[in-house]
Amino acid sequence: MGRFKSLYALNMSHNALTGSIPSSFGNLKQIESLELSMNNLSGKIPAQLASLNFLSVLNLSYNNLVGQIPTGTQLQSFSPTSYEGNKGLYGPLLTNDSQTRPPEFQPSPPPASSDEIDWFFIAMSIGFAVGFGAAVSPLMFSVQVNKWYNDLIYKFIYRRFRV
């Protein structure tokens, strides 16, 4: 990718890209816009990107990038939204206190007790059972409804397919 010396804009957002950002992007000396947001990129931001003097648009948001944002005139001039959604990034550009220093890995909270009842799923299950029963039981147990339904289906098939 670094061989494209006259490339001015590169938008690879929303492409499910994985792996790290290639350091060869630092060879794109004429690039003005680099959009790599909404992918699954991981690793550190290459220090070579700090040497891109014409870069006016950078969007690395919503990836899995980690480490400190490289210092350099260009990379420090972008808004924090260019880096948001990367929980492992830190640096002076990010104003949130938790993002100005390396992230400390905190233990995850203990799982919910198995004694607790999730009432949402119970209510959803009861609603499904009542709705299903209200729709299916007349077809199974009522002779009149069963005959009406069979006639309806027969007429539908006969009209559509002339069987």
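Using the per-residue mean of other Cβ atoms lying within 10 Å as a proxy for protection, in what order, highest first, do the peptides 16-26, 76-86 fall?
Highest-to-lowest ranking by the protection proxy: 76-86, 16-26.
Separation between the V143 and H14 pseudo-spin-labels, each 7 Å from Cα along Cα→Cβ, expressed in nm?
6.0 nm
Could you state the number of Å between the C-alpha centres of the range 116-163 and the range 11-81?
55 Å
Just to confirm, what accessible area per residue do you get for the range 37-92 at 1.4 Å probe, in whole Å²?
46 Å²
From the phi angles alone, apply the Karplus equation (6.51, -1.76, 1.60; θ = phi - 60°) to the range 23-29 and give each ³J(HN,Hα) in whole Hz, x where the residue is Gly or Pro.
In residue order, the calculated couplings are 5, 5, 4, x, 7, 7, 5 Hz.
Just check the range 2-53 against the gyration tensor rule for me: Cα atoms, a ≥ b ≥ c as the square roots of the eigenvalues, rounded for a/c under 1.5, and otherwise prolate or oblate depending on whether a/b exceeds b/c.
Verdict is oblate for the range 2-53.
Please list, in chain and number order, the residues 5+ apart from N11 or on another chain whose amide H is under 5 Å from its amide H, with Hs placed from the backbone.
E35
Under the rule of at least 5 residues apart or a separate chain, name every residue whose amide H is placed under 5 Å from the amide H of L41.
Here the answer is N64, since their amide H atoms fall under 5 Å of that of L41.
The values are calculated or read from the model by the stated rules, or taken from the named source; none is laboratory data. A quick note: this is a predicted structure, and the numbers were derived from the prediction, not measured. Here the Cβ is made from the backbone with ideal geometry for all residues, glycine too, and neighbour counts use every protein chain on show. With ligands, DNA and RNA removed, areas are computed over all heavy atoms of the protein, side chains included. Shrake-Rupley method; radii C 1.70, N 1.55, O 1.52, S 1.80 Å.
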